[in-house]
1. So which of 38/152; 38/68; 152/180; 39/152; 152/255 end up more than 18 Å apart, counting from Cα to Cα?
2. What number comes out for the charge environment of residue 200, summing +1 per Lys or Arg and -1 per Asp or Glu over other residues with Cβ under 14 Å away?
3. Rank the residues 238, 69 as a footprinting-exposure proxy: fewest other Cβ atoms within 10 Å of their Cβ go first.
4. Can you give me the Rg/Rh ratio for the chain, using Cα atoms for both radii and the Kirkwood formula for Rh?
5. Classify region 184-244 as rounded, prolate or oblate, taking a ≥ b ≥ c as the square roots of the eigenvalues of its Cα gyration tensor: rounded when a/c is under 1.5, otherwise prolate if a/b is larger than b/c and oblate if not.
6. Summing -39500 (n - 2.57) over the DSSP H runs of n ≥ 4 in the chain and dividing by its residue number, what mean residue ellipticity at 222 nm do you reach, to the nearest 500 deg cm²/dmol?
7. Could you work out the local net charge near residue 291, counting Lys and Arg as +1, Asp and Glu as -1, over the other residues with Cβ closer than 13 Å to its Cβ?
8. Taking the Cα centre of each part, how many Å lie between region 40-99 and region 132-170?
Amino acid sequence: MGFAARHLLGIEDLSREEIEGLLESSRSFKEVLRRDIKKVPAMRGKTVVNLFYEASTRTRTSFEIAGKRLSADVINVSVSTSSVVKGESLLDTARNIEALNPDVIVVRHSSSGAPHFLARSVQCSVVNAGDGSHEHPTQALLDAFTMLEHGKKLEGLKVAIIGDVAHSRVARSNIHLLGKMGAEIRLAGPSTLMPRGVERLPVQIFSCMEDALAEADVVMMLRIQMERQGKGYFPSLREYSRFYGLTSARLALAKEDALVMHPGPMNRGIEISADVADGPRSVIMDQVTNGLAVRMAVLFLVSGGSKE
Ligand code: ASP
């Protein structure tokens, strides 16, 4: 059985079969995106509302284009110009949006659990587009899709995730997904940026980035989540970069055909050098392109579409 749930709130609760179902459906939509006419009537007459309480470039745009390619009506609620600035709560905003009868609300919020709260409060489908430092399920799906597209097999794949793991929803969703699919996950970063309870996760932890990179198949770099940190997690950006920045010399420790990934936005010269970000092993732009196919699959499936 593939993915037949009404909401997509996180990867943690998904089964391996559901993840495979989502990836398979994403492959079909990637086919659609290669056609001359990239629009299909799969969600004609349905409405998708993008409700973003945090900044976003890639995720918001790709959910919008995904909805449009599926022929849905897509409405973007920009929180800075909505009644949220007048003090309206998430629940009141959601109830008012729901009164307009949408089929899917895509929500990004700085509080972990906000999409789960919303899913309990409204009748329509809810998709988590990133909640605090908790989960970012469509990012993990598009990352897995990109690895598979580049000929990698997830079972046994050595994936090094480097940087601010503690505050990264991208890391958390990837750890759940890759763990369920049998990958070997290595984490490296300052010990202050490792999540609490990390020893219970299916991962190996390294304080030295070089050790995590040895013979890795995939190197996934993370941005330092300044907006979710207090002070004093590391001495300075310069020092952080010296120990945990991906340079071409460090990348040489990974396998020759290793993929370099980053969810964006990148801080060039801090967690990744410009030559690596733009180099031949970088699949960072493929991640962005694949986000569209994955989000088409997610919108289609949560709104009741079936593979046939
Ligand atoms: N764009 C990703 C996110 O929203 C990664 C990042 O912001 O660092 O979590």
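1. Values: 38/152 27 Å; 38/68 10 Å; 152/180 16 Å; 39/152 29 Å; 152/255 12 Å.
Beyond 18 Å between Cα atoms: 38/152; 39/152.
2. Values: positive: 172, 196; negative: 12, 199.
Once all neighbours under 14 Å are counted, the net charge is 0.
3. Working: 238 11, 69 22.
Ascending number of Cβ neighbours within 10 Å: 238, 69.
4. On the way: Rg = 19.0 Å, Rh = 19.7 Å.
Reported Rg/Rh, Kirkwood definition of Rh: 0.97.
5. Numbers: a/c = 2.03, a/b = 1.34, b/c = 1.51.
It comes out oblate by the Cα gyration axes.
6. -11000 deg cm²/dmol
7. Details: positive: 30, 58, 60, 69, 295; negative: 64, 143, 149, 286.
My count for the surroundings of residue 291 gives +1.
8. About 25 Å separates the Cα centre of region 40-99 from the one of region 132-170.
Values in this text are rule-based calculations from the coordinates and carry no lab data. Keep in mind that what you see is a predicted model, and the values were worked out from it rather than measured. Cβ sites come from the backbone with ideal geometry, for glycine too, and all protein chains shown count toward neighbours.
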